Amino acid sequence: MNIRRKTTGGSVVDFPFINTFGFLAYFISNCAFYYSPLIRHQYALRHKDLTPTVAFNDIVFAGHATLISGILLTQYFKPSLWGLDNAAGRRPSRTILGVFFGSFVAVTAVIFIVVSTPPDSDPKTSWAWLDVMYTVSYVKLVVTVVKYAPQLLHNFRTQSTKGWAIGAMLLDFAGGSLSIAQQAIDAYLQRDWSGITGNPVKFALGNVSMLYDLGFMTQHYILYRDDSEEKHGEGGSLLERGENDRRLD
């Protein structure tokens with residue numbers, strides 16, 4: 001859409017910036033839960049000898065999403081590579097930067113605690129590397145909770161969804177539904193709900209994403225459905241408001 005419109009106007013840099021970071025964290029945690037013998041062993045100790053409900057498709061999804069989000073981010077930080085007018089700006093809001101740096105602090109703190117834990121401690125009841133991976137996965141959850149808010153607010157302020165790809169939200173809603181369904185089926189096959197409670201991030205991600213998707217659908221198809229490029233002007237208010245109206249701070 002940005003390439004077709006020759007501009008990033010109508011969208012905010014906050015979303016691709018924090019989204020890339022969130023999916024990278026999700027990719028790392030999924031790989032650990034799927035491939036690491038240590039993490040899987042510690043998980044089994046805490047969850048009745050069951051295996052994590054992380055499937056190979058979760059890894060493929062997270063890796064693909066990280067790559068695509070990173071490519072999208074270059075349209076904001078290096079618009080000249082794409083021949084775009086960077087109307088959305090390049091500096092993320094202080095709120096999003098706070099989430100970004102706060103996530104690093106949280107993960108570092110947990111790593112320090114785990115390293116400081118006596119090596120003969122029982123991973124079932126004490127701090128372990130499993131908790132580090134849980135913290136990394138919680139980063140993705142926190143990112144999902146906040147990443148859509150700047151764009152949702154921007155749409156409200158401009159009374160328009162121009163520049164925001166609603167098709168991506170429709171696909172995201174379908175993906176969230178299927179993700180929750182897959183997790184429920186896995187838990188059913190294991191005959192234990194720890195498949196959900198042991199992987200709360202995946203369950204929460206699907207639900208939170210779908211709630212935001214519904215918000216964007218409401219804006220696009222109900223609240224601002226009569227909006228048009230002529231009303232706002234391709235080079236008009238949408239592009240002029242970008243840097244001032246888009247921020248949470």
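Computed from the coordinates by the stated procedures, all read-outs in this text should not be read as laboratory data. Keep in mind the model is a prediction, meaning the values are calculated, not measured. Glycine gets a Cβ as well: all are built from the backbone with ideal geometry, and neighbour counts include every protein chain shown.
Relative to the Cα centre, what is the charge dipole magnitude of the chain, using +1 at the beta carbon of each Lys and Arg, -1 at the beta carbon of each Asp and Glu, and rounding to the nearest 20 debye?
Working: 22 positive and 20 negative charges, 48 e Å.
It comes to approximately 240 debye.
Relative to the longest principal Cα axis of the chain, at what angle does helix 166-190 sit, 0 to 90 degrees, rounded to 10?
10
Which order do the peptides 144-150, 58-64 take when ranked by the mean count of other beta-carbon atoms within 10 Å per residue, highest first?
On the way: 144-150: 20.4, 58-64: 17.0.
Peptide ranking by packing, descending: 144-150, 58-64.
Note the angle between two axes, namely the Cα long axis of helix 14-35 and the longest principal axis of the Cα atoms of the chain, as a number of degrees from 0 to 90, rounded to the nearest 10.
Relative to the chain, helix 14-35 is tipped by roughly 20 degrees.
Relative to the longest principal axis of the chain, what angle (0 to 90°, nearest 10) does the C-alpha long axis of helix 56-77 take?
30
Please report Rg (one decimal) and Dmax (integer) in Å for the Cα set of the range 2-245.
Using the Cα atoms of the range 2-245, the pair Rg, Dmax is 20.2, 68 Å.
Using packing as a proxy for protection, rank 122-130, 202-210 so that the peptide with the highest average count of other Cβ atoms within 10 Å comes first. Numbers along the way, then the final one.
Details: 122-130: 15.9, 202-210: 19.9.
Going from most to least packed, we get 202-210, 122-130.
May I ask you to derive the relative contact order of the range 2-245, considering only C-alpha pairs under 8 Å and at least 6 residues apart, and to give it as an integer percent?
Details: 287 pairs, mean separation 71.7, N = 244.
Relative contact order for the range 2-245 comes out at 29 percent.
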